[in-house]
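**Q** Quick one: the structure is below, and I'll ask about it shortly.
The values are calculated or read from the model by the stated rules, or taken from the named source; none is laboratory data. What you see is a predicted model, and the numbers here were worked out from it, not measured in a lab. Note: areas computed on protein heavy atoms with side chains; ligands, DNA, RNA excluded. Shrake-Rupley method; radii C 1.70, N 1.55, O 1.52, S 1.80 Å.
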Amino acid sequence: MEWIGWVATAAFAASYCFRSPALLRGWQAGAALLWVAYGFAIHSSPVVTANAIVASLAIGSIWFRRTN
């Protein structure tokens, strides 16, 4: 399951290549969700919790900007 952590790392790093704030947040949300999966795989509640918060904030910020 270690590969999930590596994919999450690559996705998070790749998010900085986007100029569009929505794409950046989308990639960061996706990476955070991969980290959540990795956290479950390694039974680490701090990894799950921290990245669930990050994913929620990223998705929320995308949603908030679309509705305003």
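**Q** At each listed q (0.26 Å⁻¹), what is the log10 of I(q)/I(0) that the Debye formula gives for the chain modelled as equal alpha-carbon point scatterers?
**A** -1.05
**Q** For a quick check of understanding: with a 1.4 angstrom probe and all protein chains in place, what accessible area in square angstrom does Arg25 have, to the nearest ten?
**A** 50 Å²
**Q** Excluding ligands and nucleic acids, what accessible area in Å² is computed for Ile62 using a 1.4 Å probe, to the nearest 10?
**A** Probe radius 1.4 Å; accessible area of Ile62 about 30 Å².
**Q** Turning to a different aspect of this structure: Helix-only mean residue ellipticity at 222 nm, the chain, DSSP H runs n ≥ 4 weighted -39,500 (n - 2.57), per residue, nearest 500. What is it?
**A** Working: 3 runs with 57 residues, N = 68.
Roughly -28500 deg cm²/dmol at 222 nm, from the helical runs in the chain.
**Q** How many Å² of accessible area per residue for the chain, probe 1.4 Å? Don't skip to the end; give the middle numbers.
**A** Values: 4690 Å² over 68 residues.
Accessible area per residue, the chain: 69 Å².
**Q** Ignoring ligands, DNA and RNA, how do Trp3, Trp35 rank by accessible area with a 1.4 Å probe, largest first?
**A** Numbers: Trp3 155, Trp35 60 Å².
So, going from the largest accessible area down, we get Trp3, Trp35.
**Q** Using a 1.4 Å probe on the protein heavy atoms, what percent of the accessible area of the chain belongs to carbon and sulfur?
**A** Details: 3360 of 4690 Å².
Heavy-atom surface of the chain belonging to carbon and sulfur, 1.4 Å probe: 72 percent.
**Q** Note down the relative contact order for the chain as a percent, whole number, built from C-alpha pairs under 8 angstrom at least six residues apart.
**A** Working: 74 pairs, mean separation 21.5, N = 68.
Relative contact order, the chain: 32 percent.
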